[in-house]
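Remarks on the structure that follows.
The values are calculated or read from the model by the stated rules, or taken from the named source; none is laboratory data. Quantities reported herein were computed from a predicted structural model and do not represent experimental measurements. Positions of Cβ are generated from backbone atoms using ideal geometry, with glycine treated the same way; all protein chains shown enter the neighbour counts.
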Amino acid sequence: MSEQKLATGIFLAPFHPVDEDPTLALRRDLELVEYLDQLGYAEAWIGEHHSAGYEIIASPELFIAAAAERTQRIKLGTGVISLPYHNPLMVADRMLQLDHMTQGRAMFGVGPGLLPSDAHMLGIPVAKQRDRMVESLEVILRLLAGEVVTAKTEWFELRDARCQLRPYTRPRPHIAVASTVTPSGGRAAGRYGLGMLCVASTQPDGYDALAVNWKVACDFAAERGGEMRREELRLVAPVHVAETREQARKNVAYGLEKWTAYFNRISPAGFGNPTPQGDLVDGLVESGRAVIGTPDDAVAMIERLEKKTGGFGVFLQLAHNWADFAATKKSYELFARHVTPRIDGANRAREQSLAFAGDGSAKFMGDAMAAAQAMIQKHAQEEEAKRRAR
């Protein structure tokens, strides 16, 4: 692993099958974020979706406001706000409010919108979503900087617009742009000095584009005289770990087929053959798209991603509900106990100290035994001297 400390977190779309109660599912999402805060995870990013029935958080800002009151340390990001769906002044105002309400724990993830069915319902041409994201982002950055903005495009108009609040986080909350396969995310991140959220890091096309899109971002940053920071590069991948590979496979029998069937239904590319179960797990694992195994397997995936990218700052597990809630929480616990220390070097000094003590144990124990024997002899001599004095 690299010497750079690697933070960990989750990317919570969320994914909830349509055969369970949505109210309880949302409450469980809040409970999960609370649990991750207790385990020491650094970040949780919350998605925005409006169709297809599975990804049922329509407002990440509302979720973050609730989660912030239940947690102490974990940072909470919009993953992401689909900018073409909103007036840019409204987005800037909501994020500034969250920045104050969380006292700086809110992060601002942006993107063009993922589900074409969302765009269809809003009457937004899919081909214009990326351009509209950039148009909105440019205005939002000016508003966050305290500017008064007058702007007009084919889809929004602002007149003498300004934000009532200044950021709690100076100069502004952390901002990251979603990146999948196309270079649009890298272009925006580099041009405006933003972080990157690579949400398809282990899918074949997304994995192949990791290095390319990072280079795009670096090139655009260089054009403005800046540079990209690897600690603000986040990679997302699906992970489920257990004590053994066999147990992990048993755990994901709970919900993996439903999750895969959802992707195959809403996307022509799909995510793999939903049946039979054994073939699906083998396909996901052997292709490198997911970890369904042990903490060692998770470490191996992260090392592969580090080699591919040259290094990144945050690894985000894709929250997926492949296993029941108890096994899901256990997976996050095992990751925190056994994966995070290895990828951030938390135990390096302890390992060196153990090696030092173990390698020198013969000498150290010899010295200790000699000291003990000397003390015994000293005591005997002193007692003998007392006896003679009497």
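Test ALA67 against the stated conditions and say whether it is surrounded by 17 or more Cβ atoms within 10 Å (Cβ to Cβ), within 20 Å of the chain's Cα centre (by Cα) and either among the polar types (S, T, N, Q) or not in a strand (DSSP E or B) (or both). In short, yes. Condition check for GLU48 on (1) touching a His at 6+ places or on another chain (Cβ under 7 Å); (2) in a loop (DSSP other than H, G, I, E, B): one failure, at (1).
Residues in the range 343-363 that are at negative phi and assigned to a loop (DSSP other than H, G, I, E, B): ALA346, ASN347, GLY360. Taken as a whole, the structure leaves ALA92 outside the set of residues that are of a type outside the set (Val, Ile, Thr), under 21 Å from GLY193 (Cβ atoms), touching an Asp or Glu at 6+ places or on another chain (Cβ under 6 Å) and assigned by TED's automatic domain parsing to the domain that holds HIS174. Filter the range 191-221 for residues that are among the small types (Gly, Ala, Ser), assigned to a helix (DSSP H, G or I) and touching a Gly at 6+ places or on another chain (Cβ under 8 Å); which is modelled with the lowest pLDDT? Here the residue is ALA211.
Does the range 310-326 hold any residues that are more than 16 Å from the chain's Cα centre (by Cα) and closer than 15 Å to SER201 by Cβ, and which are they? Result: GLY310, single match. The number of residues in the range 188-220 being among the hydrophobic types (A, V, I, L, M, F, W, C) and within 18 Å of the chain's Cα centre (by Cα) comes to 9. In the range 168-187, of all residues being more than 20 Å from the chain's Cα centre (by Cα) and touching a residue at least 12 places away in the same chain (Cβ under 8 Å), the one that is surrounded by the fewest Cβ atoms within 10 Å (Cβ to Cβ) corresponds to PRO171. The number of residues in the range 150-208 that are β-branched (Val, Ile, Thr) and in contact with a Cys (Cβ under 8 Å, 6 or more places away or on another chain) comes to 1. Using the structure shown, decide if ASP93 is under 21 Å from TYR262 (Cβ atoms) and not polar (S, T, N, Q). No; evaluated as a whole, the condition is false for this residue.
To keep it simple, each residue is scored yes or no on (1) part of a helix (DSSP H, G or I); (2) at pLDDT 95 or above.
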residue	(1), (2)
PHE263	yes, no
ASP279	yes, no
GLY288	no, yes
LYS308	yes, yes
LEU318	no, yes
ALA327	yes, yes
PHE335	yes, yes
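Tell me, which residue of the range 67-89 that is in contact with a strand residue (DSSP E or B) (Cβ under 8 Å, 6 or more places away or on another chain) and hydroxyl-bearing (Ser, Thr, Tyr) is farthest from LEU197 (Cα to Cα)? Only one residue fits best here, namely SER82.
Exactly one residue among ILE56, ILE64 is touching a strand residue (DSSP E or B) at 6+ places or on another chain (Cβ under 7 Å) and under 24 Å from VAL110 (Cβ atoms), and that residue is ILE64. Under the condition of being in contact with an Asp or Glu (Cβ under 9 Å, 6 or more places away or on another chain) and assigned to a loop (DSSP other than H, G, I, E, B), the residues counted in the range 290-306 number 1.
Let's see how each residue does on (1) surrounded by 13 or more Cβ atoms within 10 Å (Cβ to Cβ); (2) over 32 Å from the mean Cα position of the chain (by Cα); (3) in a helix (DSSP H, G or I):
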{"residue": "ASP118", "(1), (2), (3)": "yes, no, yes"}
{"residue": "GLY123", "(1), (2), (3)": "no, no, no"}
{"residue": "ALA127", "(1), (2), (3)": "no, no, yes"}
{"residue": "ASP131", "(1), (2), (3)": "yes, no, yes"}
{"residue": "GLU138", "(1), (2), (3)": "yes, no, yes"}
{"residue": "ARG166", "(1), (2), (3)": "yes, no, no"}
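A residue that is farther than 29 Å from GLY313 by Cβ and not in a helix (DSSP H, G or I) cannot be found anywhere in the range 168-180.
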